[in-house]
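Colleague: Starting off with a structure, shown below.
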Amino acid sequence: MFDPEDDDLFSKELEGVTPLVHNRVSTRPATDGPTESQLARREAASAHLRRDENLLTTEYVDMVDPHDIIEFKRPGVQEGVYRKLRLGKYSVDAVLDLHRRTVEQARKEVFEFIQECNRLGVRTVMILHGKGDRSQQPALLKSYVNKWLPCLPAVMAFHSAQRHHGGAGAVYVLLKKSDEKKQENRERHLRGR
């Protein structure tokens with residue numbers, strides 16, 4: 001609905017206003033690409049991403065007691081397999097000792113150890129994190145190991161070790177089968193039929 005009174009009011013308000021004239025377009029001069037500093041920043045950012053694929057964090061951790069049993073099992077891990085791991089029935093193929101490590105050192109070593117063992121087809125490993133009974137923050141590394149291991153896709157399950165392997169100061173870790181090992185198992189089962 002058009003009201004002539006509104007039109008008159010609008011015209012009266014704009015009396016004496018000079019319209020802007022736009023008779024040219026301002027453009028930026030073309031550049032030959034990114035500047036040297038932009039390239040340096042891009043390279044530094046991508047180098048940082050390449051350098052640290054480790055997504056394990058050293059931020060807040062739920063503290064566990066030095067004598068607590070720590071355990072984890074992904075869905076799909078058979079109970080019999082988990083029971084054998086828990087009881088220390090699998091032979092341990094590799095061991096990582098974290099005694100006297102800082103949290104940051106342990107973070108790096110746990111990540112690299114699990115990645116390398118998985119790449120090599122190692123299935124059962126043990127991590128010696130200690131209890132930290134005499135530390136200012138008891139069970140600090142144990143608490144972080146408990147937090148980190150479920151974050152690693154290669155880890156299928158873990159459980160505190162048997163007393164003769166370090167008890168609550170160590171953990172057995174079951175790693176995912178490598179694609180190569182899965183194929184070997186398929187072939188073995190096919191031959192057996």
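Every read-out reported here was derived from the displayed coordinates using simple, explicitly stated rules and does not represent laboratory data. Bear in mind that the values here come from a model prediction, so they are computed numbers and not experimental data. In this analysis, Cβ positions are derived from the backbone assuming ideal geometry, glycine residues included, and neighbour counts consider all displayed protein chains.
Colleague: Looking only at region 128-141, count every residue that is in contact with a Leu (Cβ under 8 Å, 6 or more places away or on another chain), crowded, with 20+ Cβ neighbours inside 10 Å and of a type in the set (A, V, I, L, M) and tell me the total. Full working, then the answer.
Modeller: Of the residues in region 128-141, the ones in contact with a Leu (Cβ under 8 Å, 6 or more places away or on another chain) are 128-130, 132, 141.
Subset that is crowded, with 20+ Cβ neighbours inside 10 Å: 129-130, 141.
Pick out the ones that are also of a type in the set (A, V, I, L, M) and you get 141.
Final tally of qualifying residues: 1.
Residue-wise test of (1) of a type outside the set (A, V, I, L, M); (2) surrounded by fewer than 11 Cβ atoms within 10 Å (Cβ to Cβ); (3) in a helix (DSSP H, G or I).
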| residue | (1), (2), (3) |
| --- | --- |
| Y82 | yes, no, yes |
| S143 | yes, no, yes |
| H159 | yes, no, no |
| L174 | no, no, no |
| K181 | yes, no, yes |
| L190 | no, yes, yes |
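Okay, residues lined up against (1) under 23 Å from S160 (Cβ atoms); (2) not in a helix (DSSP H, G or I):
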position: G33; (1), (2): no, yes
position: L39; (1), (2): no, no
position: A44; (1), (2): no, no
position: V61; (1), (2): yes, yes
position: V64; (1), (2): yes, yes
position: D68; (1), (2): yes, yes
position: H99; (1), (2): yes, yes
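Colleague: I've got another one for you. From (1) in a loop (DSSP other than H, G, I, E, B); (2) within 20 Å of E71 (Cα to Cα); (3) not basic (K, R), pick out the condition that doesn't hold for I114.
Modeller: All conditions are met except number (1).
Colleague: Right, next: Condition check: crowded, with 18+ Cβ neighbours inside 10 Å, touching a helix residue (DSSP H, G or I) at 6+ places or on another chain (Cβ under 8 Å) and farther than 21 Å from K73 by Cβ. Does L98 satisfy that?
Modeller: In short, yes.
Colleague: Would you mind stating whether E79 is within 21 Å of the chain's Cα centre (by Cα) and over 19 Å from F113 (Cβ atoms)?
Modeller: Working: within 21 Å of the chain's Cα centre (by Cα): no; over 19 Å from F113 (Cβ atoms): yes.
No: the conditions fail for E79.
Colleague: Something else now. Of the numbered conditions (1) farther than 23 Å from K181 by Cα; (2) touching a residue at least 12 places away in the same chain (Cβ under 8 Å); (3) in a helix (DSSP H, G or I), Q137 fails exactly one; give the number of that condition.
Modeller: Q137 satisfies all of (1) farther than 23 Å from K181 by Cα; (2) touching a residue at least 12 places away in the same chain (Cβ under 8 Å); (3) in a helix (DSSP H, G or I) except (3).
Colleague: To continue, here is another question. For region 110-127, give me the residue count where each residue is of a type in the set (S, T, N, Q) and loosely packed, with under 14 Cβ neighbours inside 10 Å.
Modeller: At the first step, the residues of region 110-127 found to be of a type in the set (S, T, N, Q) are 115, 118, 124.
From what's left, loosely packed, with under 14 Cβ neighbours inside 10 Å: none.
The qualifying residues number 0.
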